[in-house]
Amino acid sequence: MIPKGSYIVTFRKKPVQHRAHHHHARTLAELPTGQRCILDHLDLPEPIARRLMELGFVPGTEVVPGKRAPGGGPRVFRVDGSEVALRHETAAKLFIRRHPESDLVVLS
Amino acid sequence: MSDCHGGTPRAGLLPNPSIRPPSAPHDRPIIVAIVGPPNSGKSTLFNRLTGLRQKVANFPGVTVEHRMGKAKLKDNHEVFLVDLPGVYSLHPRAEDEQVTHDVLKGLRPDFPKPDAVVLILDSTNLGRHLVLAAPILDLGLPTLVLLNMADDLAARGGKVDITALQDELNCNVALISAAKGTGIDRIQQFLIGTAVRLNSPPPRIELPVLHDVPKCRQWAATLGKRASYRAPAPPLWTRRLDSVFLHPVAGPLIFLAVVMAVFQSIFSWAKPVMDGLQDAVASSGVWFTHVLPDSPWRSLLVDGVWKGVGSVVVFLPQILLLFLFIGILEDSGYLARAALIADRTMAKFGLQGKSFIPLLSAYACAVPAVMATRVIENKRDRLATIMIAPLMTCSARLPVYTLLIAAFIPNRKLLGDFLSLPAAIMLGLYILGFLTAVVIARVLKSSILKSRDTNFILEMPPYRWPTVRSLSLRLVDRAKVFLHRAGTVILLVAICIWVLAHLPLHNGHAPDLEHSLAGSIGKTIEPAIKPLGFNWKIGIGLITSLAAREVIVGTLGTIYGVEIDEPAVSSAAKTQAIGEPSHGLEAAIHQDLSTAGAIALLVFFAYALQCFSTLAVVKRETGGWRWPLFQFSYMLALAYSGSWLAFHIASYFLH
């Protein structure tokens, strides 16, 4: 869905720590920036879940966490060609499963 | 707003029930609905097709706005275009989705069912946007599907096979760029053909179950595959800019710099133009006095109408400049980033990042701000934002602030060339409004508007260059609204004040202001406002400014135009001494108000909700008088106690 050629595949400065982090990551909120994942399910009330699905957060879709607003504000997620910002508490309700071909992918 | 441009009769622009076109398709004008998700370029296309031949209107009973316009076709026919609210689906959940749904299904008794639909989608984001095609095609209306931003798609290496998509969807598909104007011919062709197509509904195609979002997306994905859609590479520039604008250190600094630059430029850039206009109004007033024969009519025309309206029109450049900046921020995509940066801070006051957008617009005018709160899905957050929006220093306060500050605050330097005392006071009033708003929001959100839903969802549009075309359309629109107000409400108040100030007649002559009707009204309320340091003349101004804040400037212009001989203290007699007022009205008001009283008056205007338009729009948006009345009362209480405090503190320090 997302052309791979446009990303630089690289390890971060502390790859071990990130991997350990990823191992336990269960929701979008816990993922490090650039870590691709597959959305598994949304644990949110219907209207909000529906809005999120309309914006691209459909189970089975690839999601990539991007920039976080300064000072721990909402975070931008790349999903299905667009970017959507969510607060930490919303992202923590979006459960993920491991990306089949994922290693650390850091986006330019 | 009345007619956008003279000449043609405009009665048919809005198909309201009374002038509803007859149902025979050949007799009535053809109505085409423009539908699309938010950020798909719907409004840009609408503007391109209609130019200035458009009107903003509300559907009766609901708060949702739509725009109607006429597009002139190449075969000299005209079609009506209606720009419906942006939606992701036709699942009627939010009010604007309900309206789009009802209009398209012909369920609104006050609005005829459209004859055709133009569906506009973002071609760079087709995977997601194509989903909307399912419910639209399900309507069975002749449909044109536009894939917008073709230039962007090509530039970023994406592609789509239009012919294949056309076959799959069984309707017309065109690749366009609404911003650049490419592919507009295809729309013309479609619109010209609408009348012919009316009798032959398009063949049905197989559609997914509409309320099942995952199924619909699957359908869209399959469609995209069959049309060999290749999504474009991610917008590199957006990424790069985001890494600057959302940088942990640079981001907030740029945010502050942008906000400060906006305010700085409104005051420094607009000043010369405003001074020029002010002098023009004053000297043309003198010229009128010389040219016209001496009569009560000359006085009404010069002192009542010309000075009353002129003193308000002077502020047009400043207001337009503010709207220009907000327009640039919004169209470029920065405003969404600003909302993101502001979110954490706003959350501390119980609000959210999305409140930032309406609150920033409230610096221009509370009316569009209250309407802009619709981006906030959470009802309680939205109400809280509406309640505090009028505390932001709107442009209508500027005339009042500028007049009082110029008249009373000496032009002393505080921080070298960087900040002068008048500028500091002005800034202080902005900060006062903002801080008070923050406190009120906190109080409301922890009492009557407490909510548990803390979700925040905001789509980040890619950065784009704002186009001159859309910016100028915005400005023309704002200028029309402002001048219309000056030409109606303010003109009317100016005439009323002049009449009240000239009656009852004494031996065929106008009475002193003190013994006129206006004077006795002012004197009646004087006891109530005396503790704030205001006399009866200011009282007249306060009463008239209940309609709109800036009216007080016109009123005082009329009152003092009556009382003093304007040319004697006109701008020709500018004095150079520090703190000495340079214009007639400033000099005149100086005789009637102490500096402490002026400061109290500034605080009063910072807090009081003297604006019918705001009350009306809040009533409409909240669906009743409860909230606007609450808002008016709490703000009046703030204004009264605030200015009482300010008067006493200022009196203590100034003596």
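The values are calculated or read from the model by the stated rules, or taken from the named source; none is laboratory data. Model, not experiment: these values are computed from the prediction. Here the Cβ positions follow ideal geometry from the backbone for every residue, glycine too, while neighbour counts run over all protein chains shown. These area figures cover heavy atoms from the full protein model, side chains too; ligands, DNA and RNA do not enter into them. Shrake-Rupley method; radii C 1.70, N 1.55, O 1.52, S 1.80 Å.
Partner shielding of A:43-53 amounts to 4, given as the average count of beta-carbon atoms from other chains within 10 Å of each residue beta-carbon.
The mean number of Cβ atoms from other chains found within 10 Å of a Cβ in peptide B:115-125 is 1, as a whole number. Among B:145-158, B:602-615, sorting by the average number of other beta carbon atoms lying within 10 angstrom of each residue, highest first, gives B:602-615, B:145-158. Apolar share of the accessible surface for segment B:264-345: 72 percent from carbon plus sulfur atoms, 1.4 Å probe. Along segment B:453-461 the Karplus relation, 6.51 cos²θ - 1.76 cosθ + 1.60 evaluated at θ = phi - 60°, assigns HN-Hα couplings of 6, 10, 6, 9, 10, 9, 7, 9, x Hz to successive residues, with x for each Gly and Pro. Note that segment B:256-654, at 37 °C in a medium of 0.692 mPa s, gets a Stokes-Einstein diffusion coefficient of 148 µm²/s from its Kirkwood radius over C-alpha pairs. Rolling a 1.4 Å probe across all protein chains gives A:E46 an accessible area of roughly 120 Å².
Kindly give the semi-axes, whole Å and largest first, of the ellipsoid equivalent to segment B:314-428, taking each as the square root of 5 times a Cα gyration tensor eigenvalue. The partial results should precede the final answer.
On the way: eigenvalues 168, 48, 43 Å².
Three semi-axes, in Å: 29, 16, 15.
Could you give the accessible area per residue of chain B, probe 1.4 Å, as a whole number in Å²?
Heavy-atom accessible area per residue stands at 43 Å².
Legend: mean number of C-beta atoms from other chains within 10 angstrom of residue C-beta atoms, peptide A:83-96, equals 4. Highest average first, the peptides B:335-346, B:278-289, B:640-651 ordered by how many other beta carbon atoms sit within 10 Å of their residues are B:335-346, B:640-651, B:278-289.
For chain B, the longest principal axis of the Cα atoms and the long axis of helix B:491-502 meet at an angle of about 20 degrees. Accessible area per residue was computed with a 1.4 Å probe on protein heavy atoms; B:V553 scores about 10 Å².
Against the longest alpha carbon principal axis of chain B, how many degrees, from 0 to 90 and to the nearest 10, is the axis of helix B:595-607 turned? Roughly 20 degrees between the two axes.
So how do B:E168, B:E550 rank on accessible area, 1.4 Å probe, biggest first, that is with the largest at the start?
Correct descending sequence by accessible area is B:E168, B:E550.
Here is the interface size for B with A: some 3400 Å² of accessible area buried, both sides summed, with a 1.4 Å probe. Using only the C-alpha atoms, the convex hull of segment B:396-510 corresponds to 278 Å³ per residue. For chain B, the longest principal axis of the alpha carbon atoms and the long axis of helix B:236-245 meet at an angle near 30°.
Going from the chain on its own to the full set of protein chains, segment B:446-474 has these residues losing 50 Å² or more of accessible surface (heavy atoms, 1.4 Å probe, no ligands, DNA or RNA): B:T454, B:N455, B:F456, B:I457, B:M460.
Residue pairs exceeding 25 angstrom between C-alpha atoms, taken from B:K348/B:K619; B:K348/B:K379; B:K354/B:K450: B:K348/B:K619. Annotation: amide H-H contacts under 5 Å for B:D122 (H modelled 1.01 Å from N, sequence separation of 5 or more, or interchain): B:N148.
Taking each of B:K180/B:K225; A:K67/B:K215; B:K72/B:K159; B:K70/B:K480; B:K159/B:K225 in turn, the alpha-carbon distance tops 21 angstrom for B:K180/B:K225; A:K67/B:K215; B:K72/B:K159.
Ranked by solvent-accessible area (1.4 Å probe, protein heavy atoms only, all chains present), the residues A:R97, B:R382 order from largest to smallest as A:R97, B:R382. Given a 1.4 Å probe and the protein chains as shown, B:T402 ends up with an accessible area of around 40 Å². Highest-first packing order for the peptide set B:125-134, B:420-429 is B:125-134, B:420-429, based on the mean count of other beta carbon atoms within 10 Å.
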